[in-house]
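The values are calculated or read from the model by the stated rules, or taken from the named source; none is laboratory data. Just so you know, these numbers come straight off a predicted model, no measurement behind them. When we count neighbours, we look across all protein chains shown, and the Cβ atoms used for this are built from the backbone with ideal geometry, even at glycine.
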C-alpha cells in the first residue's frame with residue numbers, strides 16, 4: 001500500500017469523480033488553504049454545523065445519542081464554545097475507489113489554536129459528504145471559517161482491491177448527504 005501523489009489524485013478526481021467539487025491547486029490567499037497538495041487534498045468545511053450544548057443536561061451516549069444535545073447553526077463563521085465540539089460536513093463529496101483507504105488529519109493552523117479534527121478513515125467504496133468532528137480543547141471560544149480548509153486527506157492505494165468494502169457491508173454512514181449523528 002502506498003501514499004498517492006498529486007497527479008494520481010488529480011486523475012482520480014477528474015476521470016472518476018473521486019472528489020467533487022475538485023480544486024486542482026492549493027488556494028491560499030487570505031484563507032486557510034484548501035485544494036490539491038503534494039500528497040493529499042485539503043478539504044473545506046461547509047457552512048452547516050451542529051454545535052454541542054449542555055442546555056438539557058443530558059448524558060452523551062454513542063449508543064443512544066440525544067439530538068437535543070446539538071444546536072443547528074448555519075453561517076460563514078462558527079464559534080465553538082470552550083472545551084466543546086461541533087459536527088460539520090465537508091464542501092466536497094467523495095467516492096473512494098475499492099482499492100483505496102484515506103486518512104483525514106486536521107490542519108496545523110487550527111491545531112496550533114487548540115482545535116482538533118478527529119482522524120477519520122474513508123474506507124474503500126465509501127461515498128458521501130464527510131461528517132467532521134471538530135473539538136475546541138481550549139478554555140476560550142474558537143472560530144471555524146466556513147468554505148475554507150479544515151483538514152487534509154491522504155490517499156493510500158493497496159496492491160489489490162479489498163475483499164469486503166464499506167459498500168459491501170452496507171456501512172451505516174454510506175452516502176451521507178448531511179451531518180450524521182452517531183448511529184449503532
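Results, tabulated for the structure shown:
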quantity	calculated
Inter-residue pairs, beta-carbon under 6 Å, first assigned to a loop (DSSP other than H, G, I, E, B) and in the range 143-172, second at pLDDT below 95, 6+ apart	158/1; 172/183
Residue within the range 36-52 that is in contact (Cβ under 8 Å) with a residue 40 or more places away in the chain and either out of contact with any strand residue (DSSP E or B) (no Cβ under 8 Å at 6 or more places or on another chain) or assigned to a loop (DSSP other than H, G, I, E, B) (or both) present	yes
Given (1) under 17 Å from the mean Cα position of the chain (by Cα); (2) surrounded by fewer than 17 Cβ atoms within 10 Å (Cβ to Cβ); (3) touching a residue at least 12 places away in the same chain (Cβ under 8 Å), index of the condition residue 73 fails	(1)
Among the candidates 133, 180, residue that is outside any strand (DSSP E or B), under 30 Å from residue 57 (Cβ atoms) and touching a strand residue (DSSP E or B) at 6+ places or on another chain (Cβ under 8 Å)	180
Test: residue in the range 54-62 that is touching a strand residue (DSSP E or B) at 6+ places or on another chain (Cβ under 9 Å) and in a strand (DSSP E or B)	no
Residue satisfying condition, being crowded, with 19+ Cβ neighbours inside 10 Å and under 27 Å from residue 26 (Cβ atoms), within set 89, 50	89
Subset tally (residues that are surrounded by 16 or more Cβ atoms within 10 Å (Cβ to Cβ) and in contact (Cβ under 8 Å) with a residue 60 or more places away in the chain) for the range 9-26	5
Residue in the range 104-124 that is within 28 Å of residue 54 (Cα to Cα) and in contact with a helix residue (DSSP H, G or I) (Cβ under 8 Å, 6 or more places away or on another chain) present	yes
